[in-house]
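One structure below.
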Amino acid sequence: MAEEKRNEIRLEKQLLVNISKDDGFESMGLTSNLSKEGMLIGTAEMLPLNCEVSILMGIANDTITLKGQVIWSKEWSNGASSDIQAAAGIKIIDAPEQYLKFVESMLSSAN
């Protein structure tokens, strides 16, 4: 069995997100799980390894933007949508306080 590398507990949460890169690439995605340090996002196409992405998401009646880095990417299907053909593991490198508080509150209410 593979060794768990995550330091944070992941929250199973599906949120619609917009992913963009500096080169003009833009795509919609769906989170499968998230934490303060990272998230798994299902997308229509694979994202390049190590690229930096901006992730726009709506939480608590507001939109926030996170900065992240793709640490893995592979073909994948979560069964929820035929539009999701790939998945990416994103390491969060810059998150607003509002996102961190959102994750904390969701994790506390799950326990």
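Odds and ends about this structure:
- In the range 11-55, residue nearest to S105 (Cα to Cα) [restricted to those that are in a loop (DSSP other than H, G, I, E, B) and free of Cβ contacts under 8 Å to residues at least 12 places away in the same chain]: F25
- Whichever residue in the range 55-76 is over 14 Å from L16 (Cβ atoms) and touching a Gly at 6+ places or on another chain (Cβ under 8 Å) and, among such residues, is modelled with the lowest pLDDT: W76
- In the set (1) closer than 21 Å to F102 by Cβ; (2) outside any strand (DSSP E or B); (3) at pLDDT 90 or above, the condition left unmet by E8 is number (3).
The values are calculated or read from the model by the stated rules, or taken from the named source; none is laboratory data. What you see is a predicted model, and the numbers here were worked out from it, not measured in a lab. No Cβ is skipped: glycine too gets one built from the backbone with ideal geometry, and neighbour counts run over all protein chains shown.
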